[in-house]
Amino acid sequence: MIFTAHTLNTKLNQDSSDVALLDNSSRLVICDGIGEFTDSLKYSDCIVNELMKPKFSSLKDLSKSNALSDLKKTTIGGTTVIYAHNEKSKSKLSIQYLGNGGAIHLGGDFNENSISDYPYRYHSLLLPHINNDGSLIRFISKDSGAKEEEASKLNLTLNNPFGDLLMFYTDGISSLEDRMIIVDESEDKRHWRHESSDIQFILQKLISFLKDCDFENFEDQFRGFTGTILEDIHEATPFDDDASIGFVVTHDFIDYHKAKK
């Protein structure tokens, strides 16, 4: 699997992200600092840096982090976390998260639509930790305890016949609580879910990238794509928040598009 991540801080400078390729695992972390606290970047950076270390393999392990413990004693701040890691197995991916933001899972044939010009065959994986008034109920902060730091977990087997791609993002890009359902005025009262224009922008850019990609150098080129896509969105429709994005791509996904080309 290929892991990539990138952050574009355009407002509060509180997002952080990184990937680690260790001996027995690959990891991706994106953190979105809680905006009401001015020092939340210190929490985002701390969590990302700790999860890059082999001794921390889960969000629960962070309770043993001296760096995080010291930060909580001295600094008011907080962050949400999305963490994905692959331990040894080529087809297994584990996801843990606290807070909101999102992740979508799509197959290699995601853009082969018979009905719509827009990609729609993908699945949202994260149920945001948000209450009815929009406040976070899971996070890491100076005052968070075991209840607030109890992560949600998913274990995936990535075996789509066309390969798999997962995209992770902070709520500066999208979060499920913003994708509201509306009912139209037709006779049968059809239900529609509002879609994120930024997600569609990224998927359209991904389609173009796959058409033009030199698959002999896919990994380098895809890291370049990850490193510029947020800037492309911001140029077209400026973000009103910091944003981070990350991808996990299987080699079957790459092989499928290489064969198509």
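Of note:
- Cα radius of gyration and Dmax for the range 43-140 (Å): 17.2, 56
- Translational diffusion of the range 66-110, µm² s⁻¹ [Kirkwood Rh, Cα pairs; Stokes-Einstein; 37 °C; 0.692 mPa s]: 239 µm²/s
- Restricting the calculation to alpha carbons of the range 58-204 gives Rg and Dmax of 18.2, 61 angstrom.
- Normalised convex hull volume, the range 119-261, alpha-carbon set, Å³ per residue: 185 Å³
- Inter-label distance for THR237 and THR10, nm, one decimal - labels placed 7 Å from Cα along Cα-to-Cβ: 1.1 nm
- Cα gyration tensor shape for the range 93-167, rounded if a/c is under 1.5, else prolate or oblate: oblate
- Probe 1.4 Å, accessible area per residue of the chain, Å²: 50 Å²
- Debye log10 I(q)/I(0) for the range 136-177, one point scatterer per Cα, at q = 0.17, 0.21, 0.35 Å⁻¹: -0.74, -0.92, -1.13
- Kirkwood Rh and Cα Rg combined as Rg over Rh, evaluated for the range 7-76: 0.98
- Over 21 Å apart at the Cα level, from the set LYS60/LYS147; LYS11/LYS73; LYS60/LYS153; LYS64/LYS92; LYS42/LYS205; LYS205/LYS260, are LYS11/LYS73; LYS64/LYS92; LYS42/LYS205.
- The chain: C-alpha gyration tensor shape, a/c 1.5 cut-off, then a/b vs b/c: oblate
- Given their separation in residues at 0.36 nm each and the Cα-Cα distance between them, HIS194 and LYS53 gain 46.9 nm when the chain is fully extended.
- Taking the C-alpha atoms of the range 110-150, convex hull volume expressed per residue in Å³: 117 Å³
- Every helix of 4 or more DSSP H residues in the chain counts as -39500 (n - 2.57), and over all residues that averages to -8000 deg cm²/dmol at 222 nm.
- Inter-part distance where the range 207-259 and the range 1-31 are each reduced to a Cα centre, Å: 14 Å
- Projected-area average for the range 177-247 over all orientations - Cα convex hull basis, square nanometres: 6.9 nm²
- Site-free segments of the chain were taken between GluC sites (Glu not before Pro) in DSSP loops having at most 16 other Cβ atoms within 10 Å, sites themselves excluded; the longest one is 37-111.
- For the chain, the residue among ALA84, CYS31, HIS194 whose Cα projects farthest onto the positive side of the dipole built from Cβ charges is ALA84.
- Sulfur and carbon atoms: percent of accessible area, the chain [1.4 Å]: 47 percent
- For the chain, a simple Cβ point-charge model (Lys and Arg +1, Asp and Glu -1, everything else neutral) yields a dipole of about 1040 debye relative to the Cα centre.
- Cα-centre dipole for the range 53-161 with unit charges at Cβ (Lys and Arg positive, Asp and Glu negative), debye to 20: 600 debye
The values are calculated or read from the model by the stated rules, or taken from the named source; none is laboratory data. Remember, predicted model here, so these are calculated numbers, not experimental data. Counting neighbours? That spans all protein chains shown, and the Cβs are built from the backbone with ideal geometry, glycine included. Just so you know, the surface numbers come from the protein's heavy atoms only, side chains and all, with ligands and any DNA or RNA stripped out. Shrake-Rupley method; radii C 1.70, N 1.55, O 1.52, S 1.80 Å.
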